[in-house]
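**Q** First the structure, then my questions, so here it is.
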Amino acid sequence: MEHINPSYRSKSKSNRSATDIAKAIIERDRFALSKAITLAESNDLSKRQISTEIADYLSNHTTPTSIRIAVSGSPGVGKSTLIENWGLQYANQGHRVAVLAIDPSSSVTHGSILGDKTRMEALGQHPNAYIRPSAAGLTLGGVHHATRESIRLCESAGYDIILIETVGVGQSETMAAEMSDVFVLLLLPGAGDEIQGIKRGIVELADIVAINKADEDRMQLATESAKSYRNALGLYHHPIIEWRVPVAMISGLHGFGINQLTDQVNAFCTLSKEKGRFKNKRIKQDIDWLYKSIEQEIGQIITSNPKISATLESFKNLILEGKRSTHSLIYELRTLIHQTFGNPTL
Ligand SMILES: Nc1nc2c(ncn2[C@@H]2O[C@H](COP(=O)(O)OP(=O)(O)OP(=O)(O)O)[C@@H](O)[C@H]2O)c(=O)[nH]1
Ligand SMILES: [Mg+2]
């Protein structure tokens with residue numbers, strides 16, 4: 001047998017067709033799943049093409065029955081620690097857990113620190129768990145696209161609990177909300193000032209709030225903060241009118257309150273399903289994403305036209321010199337776009 005090339009097996013695997021990879025994913029082959037995620041993250045058009053064939057096959061052959069949970073909060077609030085222990089709890093109950101990260105900053109830092117951030121060693125070794133750090137070097141739209149696709153792929157591979165950690169600040173929370181069923185916001189026990197300081201936009205995304213690190217000498221402070229947060233949250237209206245955003249007290253590190261968090265997620269999903277919102281929200285997320293992608297695509301086609309990009313460049317100087325109003329420049333650009341690409345309605 002020495003004459004057999006030892007890399008033969010992996011080579012034959014890497015040459016599998018889109019349908020073969022898709023079938024292997026349905027059979028819960030982790031290698032195929034990772035391969036498909038890498039293809040979806042690729043900037044290479046031919047690889048992207050294979051990835052779309054895999055996606056189409058899976059859409060036709062699988063029905064996701066998962067819960068997508070986004071865990072968000074400031075750096076260091078304890079997202080990874082909670083996800084690891086929460087994920088272990090789910091995995092020990094027989095659920096299949098996939099952990100993904102949304103990291104818009106990976107395009108800047110090239111994800112160098114992300115490996116550390118999503119290490120989750122104990123969960124990573126659990127047979128029911130799959131952890132995928134987000135890819136480095138992707139554009140903002142690329143991060144969004146790759147994470148959405150990764151979620152679908154994991155679901156097709158039978159993962160029914162999808163935990164999404166937001167990494168970095170700003171864009172990641174919005175992205176997470178655009179692709180999850182439940183948005184869990186972690187906060188730290190804090191004084192009144194900090195409560196006033198929570199970013200309004202992010203609080204409005206929350207379906208569940210949890211005061212994390214409610215342990216050791218922070219119990220008293222956590223109890224007081226939970227009360228203040230409950231009052232503050234009373235001012236917001238959740239899109240499901242019957243849902244009062246709960247404020248849990250938890251310790252992701254010591255496991256305290258995680259059961260309660262699971263109950264709240266289940267209660268939220270049950271209500272959301274009763275209201276017919278669960279499925280509709282996913283459909284709306286898909287349609288919104290389609291439109292967003294079209295805008296990005298079209299924008300790219302337009303701005304990569306040499307005549308238009310040169311005109312845009314010259315507009316920058318005009319704005320700098322203060323000679324023309326932006327209003328008239330936009331009008332001129334519109335005319336140029338119509339002349340270049342044609343406008344059937346003119
Ligand atoms: N006391 C206590 N410490 C915690 C708890 N959860 C996390 N920590 C500690 O807080 C620090 C940050 O935890 P991480 O889980 O890495 O936090 P994170 O939100 O994922 O951080 P980033 O990914 O960098 O945004 C670590 O030192 C943890 O051990 C908790 O419930 N209680
Ligand atoms: Mg983390």
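**Q** Just rank 321, 149, fewest to most, by other beta-carbon atoms within 10 angstrom.
**A** On the way: 321 8, 149 19.
In increasing order of surrounding Cβ atoms, one gets 321, 149.
**Q** Percent relative contact order of the stretch 63-274, based on C-alpha pairs within less than 8 angstrom and at least six residues apart? Show your work: numbers first, answer last.
**A** Details: 385 pairs, mean separation 54.9, N = 212.
Relative contact order of the stretch 63-274: 26 percent.
**Q** Then there's this: Which residue, 147, 38, 270, has the most motion in a Gaussian network model of the chain that connects Cα atoms within less than 10 Å?
**A** Highest fluctuation of the listed residues: 270.
**Q** When only C-alpha pairs under 8 Å and at least 6 residues apart count, what is the relative contact order of the stretch 12-62, in percent? Write out the running numbers ahead of the final one.
**A** Values: 34 pairs, mean separation 20.8, N = 51.
Over the stretch 12-62, the number comes to 41 percent.
**Q** For 292, 316, what ranking results if the residue with the fewest other Cβ atoms within 10 Å of its Cβ goes first? Don't skip to the answer; put the middle values down first.
**A** Numbers: 292 14, 316 10.
Taking fewest neighbouring Cβ atoms as first place, the list is 316, 292.
**Q** Report, for the chain, the % of DSSP beta bridges that are antiparallel, rounded to 5. Could you put the intermediate results ahead of the total?
**A** Working: 1 of 27 bridges.
Bridges in the chain that DSSP calls antiparallel: roughly 5 percent.
**Q** Right, another one. If amide hydrogens are placed 1.01 Å from N in the peptide plane, which non-local residues have theirs closer than 5 Å to the one on residue 211?
**A** 187, 248, 249, 250
**Q** Please order 181, 286, 29 by the number of other Cβ within 10 Å, starting at the fewest. Intermediate results must be reported in sequence, preceding the final value.
**A** Working: 181 22, 286 11, 29 16.
By the 10 Å Cβ count, ascending: 286, 29, 181.
**Q** Turning to a different aspect of this structure: Summing -39500 (n - 2.57) over the DSSP H runs of n ≥ 4 in the chain and dividing by its residue number, what mean residue ellipticity at 222 nm do you reach, to the nearest 500 deg cm²/dmol?
**A** Working: 17 runs with 195 residues, N = 346.
Calculated at 222 nm, the ellipticity per residue is -17500 deg cm²/dmol.
**Q** What FRET efficiency comes out for residue 48 versus residue 317 if R0 is 41 angstrom and r is the Cβ-Cβ distance? Round to the nearest 0.05.
**A** Details: r = 37 Å, r/R0 = 0.89.
With a Förster radius of 41 Å, E is 0.65.
**Q** If you don't mind, there's one more thing I want to ask. Checking the cross-link filter: which aspartates and glutamates have an alpha carbon closer than 17 Å to that of residue 35, excluding same-chain neighbours under 8 positions apart?
**A** Of all the aspartates and glutamates, those that pass the test against residue 35 - Cα under 17 Å, at least 8 places apart if same chain - are 20, 27, 44, 53, 56, 149, 155.
**Q** In addition: Given the chain, what whole percent of its Cα pairs are spread farther than 38 Å? Don't skip to the end; give the middle numbers.
**A** Details: 16405 of 59685 pairs.
Distances greater than 38 Å cover 27 percent of the Cα pairs.
**Q** Next question. How high is the relative contact order of the stretch 206-273, given as a whole-number percent (alpha carbon pairs under 8 Å, six or more residues apart)?
**A** On the way: 68 pairs, mean separation 28.4, N = 68.
It rounds to 42 percent for the stretch 206-273.
**Q** Here is a further query. State the dimensionless ratio Rg/Rh of the stretch 250-310 (Rg: radius of gyration of Cα atoms; Rh: Kirkwood radius). It would help to have the intermediate numbers written out before the result.
**A** On the way: Rg = 21.2 Å, Rh = 15.4 Å.
Taking Rh as the inverse mean 1/r over Cα pairs, Rg/Rh reads 1.38.
We did not get these values from a lab; they are worked out from the coordinates using the rules stated. For clarity, every value in this text was computed on a predicted model and none was experimentally measured. Reconstructed Cβ throughout: ideal geometry from the backbone, glycine too, with neighbour counts over all protein chains shown.
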